[in-house]
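A short write-up of the structure that comes next.
Bear in mind these aren't lab numbers, they're just calculated from the coordinates by the rules spelled out. Keep in mind it's a predicted model, so treat the numbers as computed, not measured. With ideal geometry, Cβ positions are generated from the backbone for all residues, glycine too; neighbour counts draw on all protein chains shown.
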Amino acid sequence: MKVVGTSPKRIDGIEKVTGAAQYTGDIVLPRMIFGKIKRSPLAHAKILSIDTRKAEQVPGVRAVITAADLPDVRLGVLTRDEYLLAHDTVRFVGEPIAAVAADTPEIAREACEQMTVEYEELPALFDPEEAIALDPPVVLHEDYEEYERLIELAEMDKRPPNLWQAYRIRHGDIDAAFHTAEAEGGFILENRYMTGYVHTTCMEPRAAVAQWGPDGTLTVWAGGQSPYIARDGLSRALGLPPSKVRVIVPFVGGAFGGKLTVHEGAIAAALAKKARRPVKVVLTREEEFTTTSARTPFIFSIKDAVSHDGVLLGRKILSIFWGGAYSGEGFLKPIFSTHLYPGSYRLPALWVDSYGVYTNRIAGGALRGYGCAESAWAVETQMDIIARTCHIDPVALRMKNLLTEGERTAITMPAHAFSAHECLTKCAEAIEWGTPSEQPGHPWYRGKGIALGNKYSFAPTAASVDVKVHEDNTYELRTSAVDLGQGAYTVLTQIVADEFGVEIERVKLVTPDTAITPFDHVAGSSRQTFHTGNATRLACADATRQMRQEAAPQLGVDPDKLDVSGGRIFVKENPARFIEVGDLFVVEMLAGKRPAAVEIFGKATWEVSASPHDPNTGQGEHPMAYMGHGAQAAEVEVNVETGQVRVLKFVSAIDVGKAMNPQGVEMQNFGGACMGIGIALHEEMCFDEKGRMTNSNLEAYKIPTIIEMPRSESMQSIIVEVPHQQGPYGAKGAGEIVVVPTSPALGNAVYDAIGVRIWDLPLTPEKIVKVWQAKQREGGSA
C-alpha cells in the first residue's frame, strides 16, 4: 500500500478553505422561492382550526400548505407515529403545523405570522419517570396500538401507555450474584446517574431545495447523512414511487447523527408542487435548537455485585430514555445503548431493562455515539467508585475485569480484535497515571481521571460501490457514502488509488445522487470506512477482473496470470509484457475512444447481516458488525469557589484497526475530545415549565470555544491498530468511539480533584460549587 496509511491532502480541502464548496444553502435555481414553517407555541394541544386566508393574501406569497394538502400517512423510523404537518394534535413546542412559500424569506415569515390557529391546550408531560407509569397523568398517543411498528418490544404484562421501546438483557443468575457478594465479604453498590440535554449544533443548519420536473420527478438537494433513507422518506411522505424521487447531497456542514431525515425536504417539495416553482427551506438557528432532534437524557440505575477484591459478579441496570413527542431517530437508542454494557467487562450475570418513553419535548435522536456515550457515563463512573471502595487503583480494577480475545460476552458475542487492554495501558502511560497531580493551592485543586469505552457498528447494513475505468488511466468512484467533514471521500479515493496502483489524483469521485450513485445505508454508526471501504475494494477487484479478461487475448495468456497496476495490465511472471489501460479502448470517429468490447465498470456490494437476537434476553451471536474500543484520560484543575474546570491535559487512545489516513484519525481524536469536553462541562438545553427552550441561540447555548480547550500541546492522540479480520486492510471506524469515554474521564478527574461526586451531566460550575459547599457543611466528607 502506497496511499492507504498515508495522509494526502483532503480531496475536498481546497474547495472548503477557498469558499468554493457549495452547501444546500448556496444552491440557487431559476425562479426559486423560499419556504417558512408555522409552528406550535404550545407543548400539548388540540388544533381546533387553522385559518390561512390572511397569509394567502400577503403580497408575494405563492403557496400555503397544511396537513390537508398532504397524503394522510404517518412517518417514523421504526414506529410510524408522526405526521409531516400536525393533524389534530400538537405534542411539542415547535411542531410544524403549516408552511408558506413566498418570493423572499421575510415575506414567508410574515405570512406565517398572519395565520390564525385556534388551540385547546392540554396538560403536558415532561417528566420521563412520570411518563413511564402504568397510570400516567397524561397519555400522549392514545391511538398508539394502531400505529405501524416494524420492530417488536420486549414482552411485558402490561405496556405503560407512554412506552414506545422496551428491551432486555438476561444473562446469568443476578440474584445469586448479589447473594454471593454479601455472603463472601464483597459488597453491593447501587447508584443513579443522568446524562444531559444536548444538541448536535452543526454549523450548517438543516436545509433543502426541492424542484419538480415535467415528468413528475421530484429532485431534492439536502445535506443529509443518507440519500437513500431520504429518498424513501420523501417517497412515503409525498405518496411517490421511489423512482420518481431523486436526492442529491451537496457538501454537508456537519451532522453528528442529526441529519438522518429530511422533513424540510418534504415540506419544500409540497410547497414547490403547489407553487409550481422550486422552493428552498433553511432552518434558523432557533428552529435548529427547538424543533429538531437532540441527544435527550438517559436516567440510569446501576446495581453491582462486587467481590472483596474488586471482581464484578453481576450488574443490574434500569435505564429510561427521555424520549420526546415522537420516537423519531432515537427509536433504537434504548436497544443500542445496551451494547456498551457487555462490550468491555466480564460479567457472569447481567440483567438490563431499557425503556424509551414519550414526553412533550422534541424527539430524542442521534448524536455521535448513539447511546454508548450516555451508558459510558454511568458505567465508567460506577467503575471508578468500585475501585475506590475496594482501595484498588482504577486502572488496575478495569484491567482485572476486562474480557480477553475470543471470550464470549454476556450476550454470547465473541470478543474479536479486543484492544481495550492496549488502549487503557497507553492512555494511562501518557497521562502519567501513577504520578499525582501537583496542587496549586486553594481554591484550585487538581486531579486525574480515566475511562474506557466501546462503540458498536450496527447491523444489518450494506454498501454498494461502482468503479468506472476511463481510457486515460483515470478511475471514477461512484458512491452514496456521505462526507460530513470526517474525511470519508479522501479515504475511499485512497483505497481506489492503491487497488489500481495509481496516484490519488487519478481517482475521480462522483458524490451521492440517487439517480447515479448506488445504494449506501447511512453515514453513521462508524460504518463507512468499514462497509463502504470493503465495497470499494470489491468493486475495484471486479473492474480489474474485467480488465484482465479484456487484456488476455492481446497478451496471449490466461486472465489469471495477469495483474493490474500503474496504468498497465501485465503478465505477473514477466512484467515487461504489458499493455496500457488505453489499449483496452478503440478510437471511434468524432467520438474519441470507446471500450473495445464492453464498458469496464466494476460493481460490488458489501453486506453484513445480524444474527437474530431476542428482545427479551438480548442474546445473539452477532448482533452488530464490529465493536471498537478506546480509552481517554484527563488532568483537570477545579476552582471550588467559582466551579470553573480547566482541562490541563487530555489523552485519547483509540483503536482503529488500521489507520487508513493517520492525520484524519488524529483529527477525529482531537475533534471528538473537543465535542466531548463541551458535552461534559458546558452544553445543556434548558426549558421552562411550558416546555419552551430558553437558550436557543449560540450565545446562550454554550458550545466550547478555543478558550475552553486545552492547549494543543496538552492534547495527545494515540492511534492503536489491532486489525479486524473483516475490515478493509483491518480497519475499523473512528468517528464515534472518540466521544464515548470523555464525560466519565472528566467526571472522574473532577472527583479526584475535589473528592466529591457529581451524578448528572453536565458538570456545570453551579453543580460543583453546590456539592463542594455541601461537603464543607458535612465536615469534609463526600
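Considered as an equivalent ellipsoid built on the Cα gyration tensor, the stretch 46-201 has semi-axes of 47, 18, 15 Å, the largest given first. Once you reduce the stretch 425-458 and the stretch 528-601 to the center of their Cα atoms, the two points are 53 Å from each other. Pairs Lys426/Lys649; Lys426/Lys448; Lys38/Lys280; Lys16/Lys36: which exceed 19 Å Cα-Cα? From Lys426/Lys649; Lys426/Lys448; Lys38/Lys280; Lys16/Lys36, over 19 Å: Lys16/Lys36. Here is the size of the stretch 216-289 from its Cα atoms: Rg then Dmax, 12.0, 35 Å. Under the combined filter of DSSP loop state and at most 10 neighbouring Cβ atoms within 10 Å, the stretch 194-263 retains none of its chymotrypsin sites (Phe, Trp or Tyr not before Pro). Across the stretch 535-544, rounded Karplus estimates of 3J(HN,Hα) from the backbone phi angles (6.51 cos²θ - 1.76 cosθ + 1.60, θ = phi - 60°) give 4, 5, 4, 5, 5, 5, 4, 5, 5, 5 Hz, Gly and Pro being marked x. Sorted into 5 angstrom bins from 0, the C-alpha pair distances of the stretch 348-470 split as 2, 7, 12, 16, 18, 13, 10, 9, 7, 3, 2, 1, 1, 0 percent.
Please compute, over every Cα-Cα pair in the stretch 118-277, the percentage with a separation greater than 21 angstrom. Roughly 69 percent, once rounded to a whole number.
Dividing the Cα radius of gyration of the stretch 600-706 by 2.2 N^0.38 Å, with N the residue count, gives 1.61. Scaled against 2.2 N^0.38 Å for its residue count N, the alpha carbon radius of gyration of the stretch 420-487 is 2.16. For the stretch 408-423, putting each phi into the Karplus relation 6.51 cos²θ - 1.76 cosθ + 1.60 with θ = phi - 60° gives couplings of 7, 7, 5, 10, 6, 6, x, 6, 10, 6, 7, 10, 4, 4, 5, 4 Hz, in residue order, rounded to whole numbers and with x for Gly and Pro.
Kindly flag which residue pairs out of Lys455/Lys702; Lys316/Lys732; Lys2/Lys593 have an alpha-carbon separation exceeding 28 Å in this structure.
Lys316/Lys732; Lys2/Lys593
Partner lysines whose Cα lies under 20 Å from the Cα of Lys603, excluding those fewer than 8 positions away in the same chain, are identified as Lys468, Lys508. For Glu95, the residues whose amide H sits under 5 Å from its own are Ser40, ignoring neighbours fewer than 5 places away on the same chain, with H placed 1.01 Å from N. Over the Cα atoms of the stretch 295-376, the radius of gyration divided by the Kirkwood radius equals 1.05; this is the Rg/Rh ratio. When Cα extents along the principal axes in Å is computed from the coordinates, the matching label among [x] 82, 63, 52; [y] 93, 75, 53; [z] 106, 88, 44 is [y].
For the stretch 110-119, 3J(HN,Hα) computed residue by residue from phi via the Karplus equation (6.51, -1.76, 1.60; θ = phi - 60°) reads 4, 5, 4, 5, 7, 5, 10, 10, 9, 10 Hz, glycine and proline entered as x. Rg of the Cα atoms in the stretch 461-608, relative to 2.2 N^0.38 Å, amounts to 1.08.
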